Structure formats: C-alpha cells, structure tokens
1. What number of residues within the stretch B:160-208 satisfy the criterion of being closer than 29 Å to B:ARG42 by Cβ and among the aliphatic types (A, V, I, L, M)?
2. Which of the residues spanning the stretch A:205-247 are out of contact with any His (no Cβ under 8 Å at 6 or more places or on another chain), charged (D, E, K, R) and part of a strand (DSSP E or B)?
3. If you check every pair at least six apart or on different chains, which have Cβ atoms under 7 Å apart with a residue in the stretch B:12-27 that is free of Cβ contacts under 8 Å to residues at least 12 places away in the same chain first and a residue that is of a type outside the set (S, T, N, Q) and in a helix (DSSP H, G or I) second?
4. Restricted to the stretch A:188-204, and to residues that are part of a strand (DSSP E or B) and aliphatic (A, V, I, L, M), which residue is nearest to the other protein chains (Cβ to nearest Cβ)?
5. Given the conditions (1) surrounded by 15 or more Cβ atoms within 10 Å (Cβ to Cβ); (2) farther than 20 Å from A:ASP117 by Cβ, which single one is not true for A:GLU228?
6. Identify the residue in the stretch A:151-171 that is farther than 23 Å from A:GLU223 by Cα and out of contact with any helix residue (DSSP H, G or I) (no Cβ under 9 Å at 6 or more places or on another chain) and, among all such residues, is surrounded by the fewest Cβ atoms within 10 Å (Cβ to Cβ).
7. Restricting the first residue to the stretch A:31-54 and requiring it to be touching a residue at least 12 places away in the same chain (Cβ under 8 Å), which pairs with a second residue that is hydroxyl-bearing (Ser, Thr, Tyr) and surrounded by fewer than 15 Cβ atoms within 10 Å (Cβ to Cβ) meet a Cβ separation below 6 Å and a spacing of at least six or different chains?
8. Across the stretch A:46-76, what is the total count of residues that are within 17 Å of the chain's Cα centre (by Cα), more than 19 Å from A:THR93 (Cβ to Cβ) and not β-branched (Val, Ile, Thr)?
Amino acid sequence: MKMRRTMVFLILAFAIGQDGAISVQEIIQAMDNNLNAKSRVITSKMVVHGRRSSRTIESKNWVVGTNLAFTEYLSPPREAGTKMLKLDDKLWTYSPQTDRVIQISGHMLRQSVMGSDMSYNDMMEDRPLTDLYDATLEGSVEIDGRDHWILFLEAKVKGLSYPKRRAWIDKEWFLPMKEELYAKSGKLLKTSTMDGIKKVQDRWFPSRFIFRDELKRNSKGTEWVINEIEFNAEIPEGRFSKARLRK
Amino acid sequence: MMFKIAIKNLLGAGLRTWLNVFVTAISFFMIIFISAMYDGMREHAMQVSIDTEIAGGAYWHPEYDPMDPMTFEDAHSVLPDAVMALVDQKKAVSVLVSQASIYPNGRIMPVIMKGISSEQTIVNMPTQMLVVDDETTIPVMIGTGMAKDAKLKVGDSFTIRWLDADRTYDADEGTIVHIMETENFKLDLNHIWVPLAKAQSMLAMENEATYVTFAKDVLPSEGNGTWIHRDIHYLVRDMEAMIEADEPNAAIMYIILLALAAMGIFNAQVLSIFRRGKEIGTLMALGMARSRVVGLFTLEGGLNAVLAAIMTVILFGPILWYFNTYGIYMGIDYSEGQMGLIIAKRLIPVYSVGLVLTTTFVVSIIVLIVSYMPSRRIAKMRPTDALRGKTAV
C-alpha cells in the first residue's frame, strides 16, 4: 500500500514536472488518496462557535472504508458517553442520559450534529470523490503564496448532499484547502477550509478543518481539530456492532 | 293529597329548603354549562377542521402518517386513477408533504412544507394568494402563528432547504406572499404552503402527492389502489380524544357539586325525620301505611330537584342564554394552537336537549336516592314510639 502510494506521488510529480499537465482525474485521485484510507482512528475535538460562546466537544472515531464508523464523545461531561454508529446509510445514536438508541434517518440527517455547522450527512458522506463527481478544471490561483487549482465538481450519481462543489486544491499537498458546497439550484450551502497540513504516514493531512453553514447568517463556523490520527489501523469488527453503543 | 302535604312541609322548612334547592340548582347549572362548553369546543373544532382541512375525507398514501414526519420522505406517489379523476373533476385537491428547513433572519427552523393547488376550492384556505407573477422566488403562504414564531411578514424572503426525491440537497429563496388567518393551528404552526406544481418540481416528484382531500358531497370511490380512504370520523379522532381526555376533570367537579347538594338534602331529611317524629306517629296511628309515609318523605326530598330545576331556569337561564348568544371570551388567544386544540377566541356552548334531559334525570335520581335513604328508617318505627317522640334515627 505504502509502495503504491509512493508510486502515485512519483507519477504525479513526474507528470507535473513535465509541463504541469496533470489530468483532473489524477488530481482528484491524489486528493482521495490523501483523505481516504482503508481505516482510520481519530481523536479530535469539535469547537462550535456560537453567537455568545464556544463549546468544545472531544471525540474518538473509528472508521473503516466508507460504510462503517463509530464515534464516542469524550467530553464535555454532558456529552461524554454519547455514541454514534454508522452502518452503510444508517446512523444510530446512543445517549447515556436517556439510555436509548435512536436511529437517525431521512431529514434528520440534515440536522446539525450537536449544534455545529456539520450535519450527520456531512459526517457520513465520505466516499471517494472520484466515484461521485465529474470534475472540470476552472483555472489556477495563488493563495497565501501557494499555487492552487480550482476544480468544479458536479455529481455523477444521484442522492448526494451536495450535487455541486468548488474546490481550491493545493498543487503540492493535493488537498482541497477551501471548498464551497452547493445545492442543486446552485445556492451556496456550506464552505469548508483546512489548515495545519502535516505529513502523516506518507500522506498530507490537515490538522484542522473549519466548516461554515452559509445559510445561517450569524454562523461563526465550527472547527474540527484533529489531535491524533492513525491510518490503516486494525479495528476489530465488534467495534461496529449496535451492542457496542450501550457499553 | 300527599303532594299537597309534601309541598306544604317543604315550603314550611323555609331557608333550609331554599339553601338545598340553591345548591342543587348550582349543580344543575354547572353540569349543563360545563358539558355544553365541551360540546361547543368539540363542535367548533370539528366545524373548523372540516371547513379548513378535512372536507369530505381523504385518501392517504399508504406510507403517510401525519404524526410521524419521518414517513414524509417515502409518502409520495402518482395518484391512483380513481383519485386522479376526482382531482381532475375539481372534486378533490392533492397535497404534497415534505420536510424542509427555512432560514428566516439567518436562523434555522425545521418546517413541514406542503404543496397545494392554488385553484382549489375544496378546503377553506386562501390558496389563490399563492398565484404570483414573479417566478424568481418560491411563493410561500404561512399562518399568523408561524409568522409570529419566525418573525416574518408579507414580502420577507428567506432560504428554504429541502431534500428532493433523489435525496439531494436543494435550496432556494422563498418569499412570503400571504399570511393567513386561520383558527386551525394544524395548518399554521411549523407549516409553509407553496403552490403544488412548484413543490413537485422542487422535490422532483412530478404529478405526485402525499394525500388527497375530497369535497363533502363526494362518496368514497373504488379503485384507489393502495391509497387508504380516511373518513371524517377517523380524521377528527385525535381532536375528540384530547377533549375526552380532559372530560374526567369536569366529571370530578360534577361529583363534588352533586355530593354537596346530596349531602344537604340527606341532612335535611335526617333532621326532618328526627324533628317530625310525632307527626309520623300520628299519620301511622291514623292508618297511613308505612310505605306511604316513606313515600311522603321521599317525595318531599324529590321535590327539591323539581324546585332546583325551576330555580336553574329562573336564576341561571339568562346566563346560559347570554353565553349561548355571545359566547365566552377565553381571555387568551388559544387559536394559535398552544393548547394543542382548535379553540375559538369566543367559545359558544352548545346546549342539546339530550344534555338537559340527561342532567335533569341524573340529578333527580340522585336527589331521590338521598331522600329515600333516611326515610327507610320510618319503616322501622313503631307508631307508639313515634307518638312519644322516640325516633329510630
């Protein structure tokens, strides 16, 4: 796997070195290689900036591919013990206060997670972009002294939360440093940015994402700070069972 | 003769009789008045629901459950032929239901978005106001309660966000074209109304609907496929259940009032048997059968109910008439649904013949029972003891 990733990077570097002629598909593929993995274990904190104050919610996530995910909230005490399990397109949450497991589906998936600017769908929809979108290169731009491609992506499959998106992709890191997520009508719904890029297990990965719901006028955004991340970790199958929610 | 004696004795007791009669009359009045209020509430809720929402009944998509918004996502399809024919003949109106989020003044509010034909005349809603020339935004009609909650007025624009049939997010600008005054909070709270064709195009559900409401004179038809026919009785059952759930509270009050009246009469009967021992002895010594003496005392007690009925008509009749004519101002405007019931701003009680007869019968029976119970003691008395003034009470 490591070898293959290195090869991809070498090929991409070679391709760019020739005359900068890298295909759009290759850019997205490289971006997917950075962001997606067979599995990952993440310890992170979500800082939700409200109108008056901010809340910090710490959690640990176990993710395998695009279909299995388990999240356990660690703090603050009010949220500690809350768990979420995603199996395919279904999501269950467990709240220790009520000692109940609730399935979240349909329109509920569009509601924000713990008052943040991220919806349950945002958390669940993590399939590789190459499978979901057709991309067009709109141009290049320099931001903060770094070169970026501007890609416009349009859904090639039905049922995506965001049928259109525009991404500013760093030419060295192959990461969407800024993204605009649009509705079918073309209305801007959300923006996301990332920073604190560092090398983690031979891939570039951001240590902070910032999401902003553009429909909420007073939204100050939600930060998602990655404290620790481990790619391709061995995760036992039992982690993704519904029984685990109550443990 | 017995009746004359009974009346004479009753009136002879003076203030004691009139107090008993007054308390019984209050019981009469309260039972009739409160029951009539509940009947009025039920009738008003029914009339408003039928007028604005139910009409003659409905056909529902098999997945549709109005109490469970989670079902809305799958509760839509093209209408069955028979139902479609009713819509084409303008004997029915189809409604497409979906969940959505609106962002008035930048705040997020989950709402139920309903698409309805602007030309419909089946339900009493000002849907014609949804016809506008401007096609750049989505014309939206809301109720006064929703307008108050979302702080919206005619001409205000806000973003509407929804999930279409392909489960894809979409969003666009909506503009308030009309704020409707409705007593039916179910059409108002957390609801936005848009033209049916617009809703179908927004949701990518061309020619589809969630339910169809048909006119009052239309008979349920065959050939409605898997769609479920819901009659008026079914559609108002929640409303009726809520009113019924509240009725035990009123029943407790009736029981307290009746108990007060019954205790007064019981007490008066016990006292009169104790005080009128010599009279009882004389009557029995003169040959009056014990059963007739018991009957006399029971009749005296029972006449309380008759006098109470007359007093109710004289004292409380004008009050009942006034409320029936002008209604009762509820103090607070419950019409926006805070109570979870359709309640008129001025509630008009409904006095039915059945209600008056039932109340009279129940109160009379109770009064007769409490009059008879102490009178039974007379049957155990010996005339000689009674003449000496020794009573068994």
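Bear in mind these aren't lab numbers, they're just calculated from the coordinates by the rules spelled out. All values derive from a computational prediction rather than experimental measurement. Heads up, the Cβs are rebuilt from the backbone with ideal geometry, glycines too, and the neighbour counts pull from every protein chain shown.
1. Filtering the stretch B:160-208 down to residues closer than 29 Å to B:ARG42 by Cβ leaves B:179-191, B:193.
Filter again for among the aliphatic types (A, V, I, L, M), leaving B:179-180, B:187, B:189.
So the count comes out to 4.
2. Listed by number, the residues that qualify are A:ARG208, A:ARG212, A:ASP213, A:GLU228, A:GLU230.
3. none
4. Top of the filtered list is A:LEU189.
5. (1)
6. Among those that are farther than 23 Å from A:GLU223 by Cα and out of contact with any helix residue (DSSP H, G or I) (no Cβ under 9 Å at 6 or more places or on another chain), it is A:LYS158.
7. A:LYS45/A:THR56; A:VAL47/A:SER54; A:VAL47/A:THR56
8. 1
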